[in-house]
Amino acid sequence: MITLKINGQSRQIEADPDTPLLWALRDDLNLTGTKFGCGRALCGACTVHIDGDAERSCSIMVGDAAGKSITTIEGLSGDVAKAVTDAWIKAAVPQCGYCQPGFVMAVTSVLGANRNQTREAVLSQITNLCRCGTYDAIRTAVGFAVADLNPQGQPNKESVR
Amino acid sequence: MTAARIARRTFLIAAGVVGGGLLVGTGALVARLHGIGGYRLPAGEGEASFGAWIKLARDGTIEVAVPHQEMGQGIYSLAVLLAAEGLRLPADAVRAVQAPINPYFANPIMVIDGLPFNEHASGLVQESAKWTVDKVIRAFGLSATGGSTSTRHIAEPIRACAASALDVLTRAAAEKFGVAAGELKIADGRISTADGRSAAYAELADAASRLSPRTIELPPLAEGVFVGKGMPRVDVPPKTRGVAAYGIDTRQPGQLYAAIRHSPRLGGVFKSASLPADLPGVRGIVEGGDYVAVVATSYSKAVAGLEKSTVVWDDSYALSVSSKDVFAAYRAALDKGASYKPRWVIDSAGDAAAAKGREVAATYDAPFLAHATMEPMNATALVTDGGVKVWAGHQSGYLAKLRVAAAAGVPTDAVEVFTPYLGGGFGRRADLDYIVKAVEIARKFKSTPVQTIWSRAEDLRDDVYRPAAMADVTAKLGDDGLPSGLTYRIAVPSTTDQFTARAIPGAKGGLLPDRSTVDGAVFSFYGLQNRSIENFSVDAGIPVGYWRSVGHSLNNFFFETFIDELSATAGIDPFDYRARLLDANGGEAAQRAKAVLTRLARFNADNKVTVASGAKAGRGVALSECFHSFVGQLADIEVVAGNIRVKRVFAVVDCGFAIDPPNVIAQLRSAINFGLSAALYGKVEIDNGKIVPENFDTYQILTLEDAPEIVVEIANSGAAIGGIGEIGTPGIAPAVGNAIFAATGKRLRSLPFDLG
């Protein structure tokens with residue numbers, strides 16, 4: 001038995017410690033918003049937050065995730081998440097949509113760490129892949145989210161990590 | 001089949017709604033079904049059907065049936081948009097649902113588009129062939145999503161069905177209130193009298209659905225509340241929040257998971273496997289023809305089981321072909337010239353060989369490509385004594401039922417196919433071997449649903465690839481610098497022959513020329529009086545399939561690069577050169593292409609190419625006609641230390657009329673980036689029958705960082721609606737290649753681009 005802290009709840013799963021977190025989420029806990037894309041941390045479709053940081057759950061083992069606070073797209077909450085989700089919908093980013101929860105998780109993590117960042121600074125930290133090539137809309141959406149979180153538009157350079 | 005044919009004939013006689021396009025033009029024989037008369041959506045208790053496309057659901061929502069799969073092209077939203085417009089409803093009062101798999105929803109357009117005729121010419125032969133194909137495809141009931149046909153297929157019938165539904169609702173209201181229909185007001189799903197009496201559609205629906213439809217002349221598509229303006233896509237919120245369900249998200253009670261592995265070499269077959277005993281959660285191993293699968297209680301346990309198994313493959317019949325052998329075969333075929341067989345001359349005029357003038361000759365090539373949909377191949381199947389249920393993203397419900405029935409040995413009526421969202425299609429999910437394999441695996445676990453998932457490596461290895469190709473193009477330039485003769489010869493296998501053989505057991509290809517092999521080079525909008533456009537069909541045994549824009553992705557690159565080479569040789573500006581060639585044709589297609597080119601030229605004049613210090617920069621132009629739409633692209637590129645960076649793309653699109661402009665722009669951007677992945681990185685190397693790339697590190701796709709800014713301008717010509725989903729893909733490679741030439745003077749004739 002491994003105990004995982006997921007979306008604020010304690011969940012127990014019967015799994016080998018070297019099971020990728022992605023599959024524990026999808027198969028054992030039925031949290032299918034986290035997607036399988038490559039299995040090698042190359043595409044970001046499986047991005048979740050572990051203690052607030054964006055991590056690729058296909059390459060994190062449940063044994064290493066135990067005891068840490070894990071957030072999936074289903075458990076995303078707070079004003080940063082709302083700003084990013086609203087921005088994604090306003091910019092109508094998704095096409096096939098399969099990679100998009102991963103993008104939303106990645107951008108939310110970057111802005112959650114510091115909401116006073118320029119659009120370009122946020123974008124430079126996003127390495128997820130989208131096969132539909134929704135990148136123009138992603139840039140627009142990140143711009144919306146940045147403007148929403150920092151209406152003065154005066155990024156505080158000191159606080160950029 | 002007989003019943004379907006009779007129903008359709010009855011329908012044609014009973015058809016009440018006439019589309020404007022049906023009354024005029026050559027499209028009349030391409031029968032348009034308007035969803036009243038022949039087939040009606042089944043309506044249960046508390047529901048009311050208004051024909052084949054629209055019904056009122058129990059919760060009061062209008063449902064519009066979509067016989068196409070939603071794979072990112074936005075067809076669910078387009079259906080909602082048109083139904084809401086026609087029924088004068090707000091967008092949230094309508095939802096899209098998958099249409100039943102029924103012959104009524106057959107899609108003949110993509111097959112008609114594949115006929116080896118000039119679609120701009122009209123004659124008895126063409127019209128008879130279209131008529132015949134239309135009949136045959138409808139008789140079979142072949143439903144399919146592809147060839148950029150979704151909107152072309154369903155827009156008019158949905159508009160007609162909505163108009164008919166509104167008509168019967170209004171008549172029902174007139175009857176209920178005892179007033180003339182013309183005195184009623186319609187707004188927000190209610191029909192009201194001047195004196196304040198009012199009824200919701202839901203209250204009128206039952207009576208309305210019993211009224212006989214009348215003949216209504218449908219006005220031509222024009223800007224309305226949503227039409228020509230757009231509507232927020234219905235699938236955007238669920239996809240953003242991670243609640244949209246894809247095939248891989250299927251969860252059935254007691255479901256097992258299978259991890260699949262294929263023979264490392266193409267053509268290799270399964271020989272033997274040993275699975276260690278007592279692996280946790282592992283339920284068994286399934287031996288397939290060219291694969292093996294381990295089934296377990298979770299996918300990770302299935303993967304672990306597969307990794308711990310020893311599998312032996314029989315390579316007696318494995319291909320020992322490498323990419324270089326394929327290109328050598330192409331070279332040999334082209335060198336053989338006119339005596340090579342099978343060779344098809346698909347478009348010719350005058351005498352290209354006899355033309356005189358300065359000769360320009362070039363050879364181009366492009367590699368095999370994978371689809372690499374973000375959602376890897378997968379399917380969930382439940383096989384019981386009563387039949388088979390399948391949950392999977394696919395691009396043809398009809399073929400899925402056919403293939404599953406054959407694989408499970410049950411009648412097609414015993415097969416149910418459930419279609420969630422597709423995590424990308426691009427043509428990959430038109431080929432249904434992955435569903436067949438999932439059914440074969442599930443058959444071994446009767447009455448238990450089994451989900452089979454391809455790892456990324458398996459997804460890349462078990463693809464049907466965009467074929468590699470090679471083309472020899474020669475022209476003679478007359479005194480005016482324009483080609484007095486042009487010969488275009490492409491060596492490439494026939495995707496359609498291979499697809500047909502896989503899709504329909506026992507079907508034999510090779511009887512007809514495959515137009516898709518030369519799409520993008522045939523029936524050009526340029527004036528080429530002496531021309532010969534030829535396909536040298538060379539099949540080296542590598543499985544090939546439909547890949548976004550199909551033959552256009554090859555031929556538009558070869559052809560538009562060659563046109564650029566001709567303009568450079570003639571010393572004429574590339575915009576001016578193309579304009580002269582279009583004028584030399586002068587037909588409708590040339591005029592549409594010219595209108596697009598004129599906008600590109602204006603943008604070019606207004607926006608200079610900027611060059612950063614230490615960089616070389618250039619702009620390239622390309623024109624495409626693809627699935628009845630016209631696209632022009634300008635690519636601005638920069639070369640720094642040998643690296644090509646595409647900074648900005650300006651595209652103009654004429655798809656006739658943009659029903660949903662924001663989505664037209666989104667689709668163009670998507671298709672351009674898809675083509676750019678191929679132009680800059682895309683290559684599936686084959687080594688001794690092995691597919692080399694295994695993941696996104698060795699099969700690179702475009703990243704956010706490298707994606708250009710793409711500006712799209714819509715130029716409605718008012719012509720019949722053309723395709724949208726694929727049409728941006730072909731033109732980006734030639735635009736970028738021509739820009740590289742402008743920047744460096746180097747002509748790159750091989751994809752992906754490499755400045756060495």
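Every residue in the range B:539-562 that is charged (D, E, K, R) and in contact with a Pro (Cβ under 8 Å, 6 or more places away or on another chain), please. I'd like the intermediate steps shown before the answer.
The first filter runs over the range B:539-562 and keeps only residues charged (D, E, K, R), leaving B:539, B:548, B:560.
Scanning the range B:539-562 gives B:Asp539, B:Glu560.
Consider only pairs whose beta carbons are under 6 Å apart and that are at least six residues apart or on different chains; among these, list those whose first residue lies in the range B:367-378 and is within 7 Å of chain A (Cβ to nearest Cβ) and whose second residue is assigned to a strand (DSSP E or B).
Going by the 6 Å Cβ cut-off, the qualifying pairs are B:Glu375/B:Tyr246.
How many of the residues in the range A:45-55 are assigned to a loop (DSSP other than H, G, I, E, B) and crowded, with 24+ Cβ neighbours inside 10 Å?
The first filter runs over the range A:45-55 and keeps only residues assigned to a loop (DSSP other than H, G, I, E, B), leaving A:45-46, A:51-52.
Now drop any that are not crowded, with 24+ Cβ neighbours inside 10 Å, which leaves A:45-46.
Residues meeting the conditions: 2.
Just give me the residues in the range A:1-21 being without any contact (Cβ under 8 Å) to a residue 24 or more places away in the chain and either more than 13 Å from chain B (Cβ to nearest Cβ) or of a type in the set (A, V, I, L, M, F, W, C) (or both), in sequence order.
Selection gives A:Met1, A:Gln9, A:Ser10, A:Arg11, A:Gln12.
So which of B:Ala354, B:Ala361, B:Ala405 ends up being surrounded by fewer than 21 Cβ atoms within 10 Å (Cβ to Cβ), free of Cβ contacts under 8 Å to residues at least 60 places away in the same chain, away from chain A (no Cβ under 14 Å) and among the hydrophobic types (A, V, I, L, M, F, W, C)? First the steps, then the outcome.
On the way: B:Ala354 fails: free of Cβ contacts under 8 Å to residues at least 60 places away in the same chain; B:Ala361 fails: free of Cβ contacts under 8 Å to residues at least 60 places away in the same chain.
Matching residue, one of B:Ala354, B:Ala361, B:Ala405: B:Ala405.
Restricting to the range A:56-98, and then to whatever is surrounded by fewer than 23 Cβ atoms within 10 Å (Cβ to Cβ), under 14 Å from the mean Cα position of the chain (by Cα) and charged (D, E, K, R), can you tell me which residue is nearest to the other protein chains (Cβ to nearest Cβ)?
A:Glu74
Can you name every residue in the range B:508-545 that is hydroxyl-bearing (Ser, Thr, Tyr), surrounded by fewer than 24 Cβ atoms within 10 Å (Cβ to Cβ) and under 13 Å from B:Ala491 (Cβ atoms)?
Result: B:Ser537, single match.
May I ask you to list the residues in the range B:659-691 that are surrounded by fewer than 22 Cβ atoms within 10 Å (Cβ to Cβ), within 17 Å of B:Val464 (Cβ to Cβ) and in contact with a Pro (Cβ under 6 Å, 6 or more places away or on another chain)?
B:Lys683, B:Lys690
Got at least one residue in the range A:54-63 being small (Gly, Ala, Ser), farther than 19 Å from B:Ile453 by Cβ and not assigned by TED's automatic domain parsing to the domain that holds A:Cys99?
yes
Does any residue in the range B:147-164 that is closer than 15 Å to B:Ala222 by Cα come within less than 7 Å, Cβ to Cβ, of a residue that is among the small types (Gly, Ala, Ser) and modelled with pLDDT under 95 six or more places away or on a different chain, and which pairs are these?
Taking only residues 6 or more apart or on different chains, the pairs are B:Glu156/B:Gly19; B:Glu156/B:Gly21; B:Ala160/B:Gly19; B:Ala160/B:Gly35.
Checking the conditions here, which among B:Pro483, B:Pro513 is within 30 Å of B:Glu588 (Cβ to Cβ), at pLDDT below 95 and over 20 Å from the mean Cα position of the chain (by Cα)? Please lay out each step first, then the result.
Working: B:Pro483 fails: at pLDDT below 95.
After ruling out the rest, the residue left standing is B:Pro513.
Hey, can you tell me all the residues within the range B:256-287 that are within 14 Å of chain A (Cβ to nearest Cβ) and in a loop (DSSP other than H, G, I, E, B)?
Of everything in the range B:256-287, those that are within 14 Å of chain A (Cβ to nearest Cβ) and in a loop (DSSP other than H, G, I, E, B) turn out to be B:Asp278, B:Leu279, B:Pro280, B:Gly281.
Could you check the range B:79-92 and list, in sequence order, the residues that are under 17 Å from B:Ala165 (Cβ atoms) and in a helix (DSSP H, G or I)?
Residues of the range B:79-92 that are under 17 Å from B:Ala165 (Cβ atoms), as a first pass: B:79-91.
If the condition is that a residue be under 17 Å from B:Ala165 (Cβ atoms) and in a helix (DSSP H, G or I), then B:Ala79, B:Val80, B:Leu81, B:Leu82, B:Ala83, B:Ala84, B:Glu85, B:Gly86, B:Leu87, B:Ala91 are the ones that fit.
With the structure loaded, tell me whether A:Asn116 is in contact with a Ser or Thr (Cβ under 6 Å, 6 or more places away or on another chain) and away from chain B (no Cβ under 13 Å) or whether it fails that test.
On the way: in contact with a Ser or Thr (Cβ under 6 Å, 6 or more places away or on another chain): yes; away from chain B (no Cβ under 13 Å): yes.
Yes, satisfied.
Would you point out the residue of the range B:591-624, among those that are within 30 Å of B:Pro108 (Cα to Cα) and touching a Phe, Trp or Tyr at 6+ places or on another chain (Cβ under 6 Å), that is surrounded by the fewest Cβ atoms within 10 Å (Cβ to Cβ)?
Per the stated criteria, the residue is B:Arg592.
Results for (1) crowded, with 24+ Cβ neighbours inside 10 Å; (2) modelled with pLDDT under 95; (3) assigned by TED's automatic domain parsing to the domain that holds B:Phe557; (4) assigned to a helix (DSSP H, G or I), shown as yes or no for each residue.
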site	(1), (2), (3), (4)
B:Pro693	no, no, yes, no
B:Asn716	no, no, yes, no
B:Ala719	no, no, yes, no
B:Ile727	yes, no, yes, no
B:Gly737	yes, no, yes, yes
B:Phe753	no, no, no, no
B:Gly756	no, yes, no, no
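Would you mention how many residues in the range B:288-307 are assigned to a helix (DSSP H, G or I) and farther than 18 Å from B:Pro264 by Cβ?
Taking the range B:288-307 and keeping what is assigned to a helix (DSSP H, G or I), we get B:299-307.
From the residues that got through so far, the ones that are farther than 18 Å from B:Pro264 by Cβ too are B:299-302, B:304-305.
Qualifying residue count for the region: 6.
Please specify each residue of the range B:453-471 satisfying the condition of being within 13 Å of chain A (Cβ to nearest Cβ) and farther than 13 Å from B:Ile691 by Cα. Reasoning before the result, please.
The initial filter retains those residues of the range B:453-471 that are within 13 Å of chain A (Cβ to nearest Cβ), namely B:453-460.
Of everything in the range B:453-471, those that are within 13 Å of chain A (Cβ to nearest Cβ) and farther than 13 Å from B:Ile691 by Cα turn out to be B:Ile453, B:Trp454, B:Ser455.
Of the numbered conditions (1) within 11 Å of chain B (Cβ to nearest Cβ); (2) part of a helix (DSSP H, G or I), A:Ala147 satisfies every one except a single condition; which is it?
Only one criterion is unmet by A:Ala147, namely (1).
Consider A:Thr140 carefully, then state whether it is surrounded by 22 or more Cβ atoms within 10 Å (Cβ to Cβ) and not assigned by TED's automatic domain parsing to the domain that holds A:Phe36. Walk me through it before giving the result.
Working: surrounded by 22 or more Cβ atoms within 10 Å (Cβ to Cβ): no; not assigned by TED's automatic domain parsing to the domain that holds A:Phe36: yes.
No.
Based on this model, can you work out whether A:Ala24 counts as in a helix (DSSP H, G or I) and either within 9 Å of another protein chain (Cβ to nearest Cβ) or surrounded by fewer than 19 Cβ atoms within 10 Å (Cβ to Cβ) (or both)? Reasoning before the result, please.
Numbers: in a helix (DSSP H, G or I): yes; either within 9 Å of another protein chain (Cβ to nearest Cβ) or surrounded by fewer than 19 Cβ atoms within 10 Å (Cβ to Cβ) (or both): yes.
Yes.
Which members of the range B:575-591 meet the condition of being under 30 Å from the mean Cα position of the chain (by Cα) and either modelled with pLDDT under 95 or under 18 Å from B:Ala521 (Cα atoms) (or both)? It would help to see each step written out before you state the result.
Here is the first cut: in the range B:575-591, the ones under 30 Å from the mean Cα position of the chain (by Cα) are B:575, B:578-579, B:581-582, B:585-591.
B:Arg578, B:Ala579, B:Leu581, B:Leu582, B:Asn585, B:Gly586, B:Gly587, B:Glu588, B:Ala589, B:Ala590, B:Gln591, listed by residue number.
Please specify each residue of the range B:93-118 satisfying the condition of being in a helix (DSSP H, G or I) and under 21 Å from B:Asp167 (Cα atoms).
B:Ala93
Does B:Phe11 meet the test of being of a type in the set (Phe, Trp, Tyr) and either closer than 30 Å to B:Lys239 by Cα or modelled with pLDDT of 50 or more (or both)? Can you show your working first?
On the way: of a type in the set (Phe, Trp, Tyr): yes; either closer than 30 Å to B:Lys239 by Cα or modelled with pLDDT of 50 or more (or both): no.
In short, no.
The values are calculated or read from the model by the stated rules, or taken from the named source; none is laboratory data. Note that the coordinates shown come from a computational prediction; the quantities given were computed from them, not determined experimentally. Glycine gets a Cβ as well: all are built from the backbone with ideal geometry, and neighbour counts include every protein chain shown.
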